[in-house]
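Quick notes on the structure that follows.
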């Protein structure tokens, strides 16, 4: 092979190598959103309040980890429950959130998360009753929270009675089964990606309860993908 | 040295290089110290940040002349003993490439002295009265005047703080957020970190789960947050403004999102904020576990309890800051 041919081969191999490295890094850095994104920007006219309905289930019942606890969200277009935790929302818009909590609760490690923060009026309603802080050592305790740390939002999701005979076994759960109805509202900020998560270490069987579903997207955490409306 | 030697009456190479190095070093050091130094990280918001900045700048003005010496010699050599120059001998081999024992010994001695001096300087900087801003563990080697009394009073959870007192702030790390308790204001807990200006702060850092690290970069404070350990770090606020708090210990999925912003405000504004927050959070504060230096997380199960670490003896004159008694 001529010198020019060798040089061309070396350069070509080098470029292929660089391309593989770049591709690997890009794949590694790509957000893990296997379930896709639920879009709430098309379900109403710009500027109008967005209605977001989610449910928390004790075990998702399908997929690679059917026994894991999980959030599910109602697709605003199809009305079907899906296991997406990346929610695309319009910026500077009021979001009315309804969460149907089907999981049981307990005293939580840090009662700070029993306090409602960052919502409009700094409160929520629990089965129609206004609540600003919930003592996790009372009643059925707290099962999960919905929290967006960078926006200062935290809402406790009170647990259902674990002794109820017809507790939901797997998601999506029927509204006929025992659940707690939590409602609150908040305003989205400007465009950006805001991570949200549960702050109750609910990954049973994992160190400090924060592994498994607490450390895997599409279960107990995700993103508010806020875009220009 | 043969043909490249200076002509009779001219300065020797060594003297030329020395003068060149001296002039450049003085100019660069002065420019650095007065123009760049005051803007170097981490700034001057606190005594520890100011101290960190001073230490960094001091190291720089020592290091810069060393770097300049190397570059000056290199530049001079290239210019003076360049092989392409007419009459200059082959640079590889020959007299020009021979070692110079005096130069070698001088280089080793000078750089060794500098390194050892800086090691001593750094060690002293860690234990002088301003402290380093690092976590000193449950039994700090150094603490500001009044810290012991303030931490003791903090455990009584009464409203005991007034401007000029040491402010006790408990930093509670958990996956994946820092929260803060103010024991001198009834022990309320909040996600906001607000500090009064011109005040000694005692950060008591702990964790409710895995290892985190509380890093308030502009404050010059960094302390590991370990479960069932009270890691104490001190600083004195000296400038009002906003600062960022980050977790600097890889702690899981949302480690990258584990940050927030704090504020240093006027003492009167701080008192107003703390009093108002104490009142606003009063309902939830009643539900919190009693204030303690550490809390016992349930490592084996979900949710878990939030209760004080019964093995900790908080505060005595002989065992400060929650040292654990012997078994």
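So how much slack lies between residue B:109 and residue B:282, counting 0.36 nm per residue of separation and subtracting their Cα-Cα distance, in nm? Mind showing how you got there, number by number?
Numbers: separation 173, 0.36 × 173 = 62.28 nm, distance 6.44 nm.
Full extension of this stretch gives 55.8 nm more.
Ordered by packing density, taken as the mean number of other Cβ atoms within 10 Å over each peptide's residues, highest first, how do A:193-199, B:56-62 rank? Intermediate values should be presented prior to the final figure.
Details: A:193-199: 22.3, B:56-62: 15.0.
Output ranking for A:193-199, B:56-62: A:193-199, B:56-62.
Could you rank the peptides B:276-282, B:121-127 by their average count of other C-beta atoms within 10 Å per residue, with the highest value first?
Values: B:276-282: 15.7, B:121-127: 12.9.
Most protected by this proxy first, the peptides run B:276-282, B:121-127.
Pull up the DSSP beta bridges for the protein assembly as shown and report the antiparallel fraction as a percent, rounded to 5. Before the final figure, lay out the partial values.
On the way: 66 of 95 bridges.
Restricted to the protein assembly as shown, the bridges split so that about 70 percent are antiparallel.
Hey, got the average number of other protein chain Cβ atoms within 10 angstrom for residues in A:43-51?
On the way: counts 0, 0, 0, 0, 0, 0, 0, 0, 0.
The per-residue average across the peptide is 0.
Which residues does a label at residue A:187 reach in the stretch A:107-133, if reach means a backbone N under 19 Å from a point 7 Å past the Cα toward the Cβ?
Within reach of a label on residue A:187, which here means backbone N under 19 Å from a point 7 Å along Cα→Cβ, the stretch A:107-133 contributes A:117-124.
For the stretch A:151-229 and the stretch B:13-59, compute the distance between their C-alpha centroids and round to whole Å.
52 Å
Shielding by partners for B:286-295, please: the mean number of other protein chain Cβ atoms within 10 Å of each residue's Cβ.
Numbers: counts 3, 12, 6, 5, 0, 0, 0, 0, 0, 2.
If you average over the peptide's residues, the count of other-chain Cβ atoms is 3.
By its C-alpha gyration tensor, with a ≥ b ≥ c as the square roots of the eigenvalues, how is the stretch B:147-308 shaped: rounded for a/c under 1.5, else prolate for a/b larger than b/c, else oblate? Walk me through the intermediate numbers first.
Values: a/c = 1.68, a/b = 1.24, b/c = 1.35.
Note, shape of the stretch B:147-308 comes out oblate.
Would you calculate the separation in nanometres between label points at residue B:16 and residue B:152, each defined as 7 Å from the Cα along the Cα-to-beta-carbon direction?
In this crude spin-label approximation the distance works out to 7.1 nm.
So if I take the centroid of the Cα atoms in the stretch B:185-251 and the same for the stretch A:45-105, what is the distance between those two points in Å?
Here the answer is 34 Å between Cα centres.
What FRET efficiency comes out for residue B:261 versus residue B:77 if R0 is 51 angstrom and r is the Cβ-Cβ distance? Round to the nearest 0.05. Spell out each step's value before the answer.
On the way: r = 51 Å, r/R0 = 1.00.
So the FRET efficiency works out to roughly 0.50.
Nearest 10 degrees is fine. How inclined is helix A:3-29 to the longest principal axis of chain A, computing both from alpha carbons?
Orientation of helix A:3-29: about 0 degrees from the principal axis.
Let me make sure I get this right: for chain A, a, b and c are the square roots of the gyration tensor eigenvalues over alpha carbons, sorted descending. Under 1.5 in a/c it's rounded, otherwise prolate if a/b > b/c, else oblate. Which is it? Provide the component values of the computation, followed by the final result.
Numbers: a/c = 2.44, a/b = 1.85, b/c = 1.32.
Prolate shape, in that a/c is at least 1.5 and a/b is the bigger ratio.
Using a Förster distance of 51 angstrom, determine the FRET efficiency expected from the C-beta separation of residue B:56 and residue A:78, and round it to 0.05. If you can, show how the numbers build up before the last one.
On the way: r = 58 Å, r/R0 = 1.13.
The calculated FRET efficiency here is 0.30.
Do you know the relative contact order of the stretch A:40-227, to the nearest whole percent, from alpha carbon pairs under 8 angstrom that are 6+ apart? Could you put the intermediate results ahead of the total?
On the way: 497 pairs, mean separation 51.3, N = 188.
Value for the stretch A:40-227: 27 percent.
What order, most packed first, do the peptides B:188-194, B:111-117, B:249-255 have when packing is the mean number of other Cβ atoms within 10 Å of each residue? Let's see the in-between values first.
Numbers: B:188-194: 19.6, B:111-117: 11.3, B:249-255: 17.9.
Top of the packing list down: B:188-194, B:249-255, B:111-117.
Quick check: pseudo-label points 7 Å beyond the Cα along Cα→Cβ at residue A:123 and residue A:98, how many nm apart are they?
2.1 nm
If you take every DSSP beta bridge whose two residues both sit in the stretch A:40-227, what share of them, in percent to the nearest 5, is antiparallel? Numbers along the way, then the final one.
Working: 35 of 48 bridges.
Among the beta bridges of the stretch A:40-227, antiparallel pairing accounts for roughly 75 percent.
Among rounded, prolate and oblate, which fits the stretch A:58-126 when a ≥ b ≥ c are the square roots of the eigenvalues of its C-alpha gyration tensor, a/c under 1.5 means rounded, and a/b larger than b/c means prolate?
Working: a/c = 2.28, a/b = 1.09, b/c = 2.08.
Note, shape of the stretch A:58-126 comes out oblate.
Report, as an integer, the average count of C-beta atoms from other chains found within 10 Å of each Cβ along A:213-222. Don't skip to the answer; put the middle values down first.
On the way: counts 1, 6, 5, 1, 1, 0, 0, 1, 4, 0.
Mean partner-chain Cβ count within 10 Å for A:213-222: 2.
None of the figures in this text is laboratory data; all of them are computed from the coordinates on show. Not measured: the values here are computed from a predicted model. Don't worry about glycine lacking a Cβ; one is built from the backbone with ideal geometry, like all the others, and counts go over all protein chains shown.
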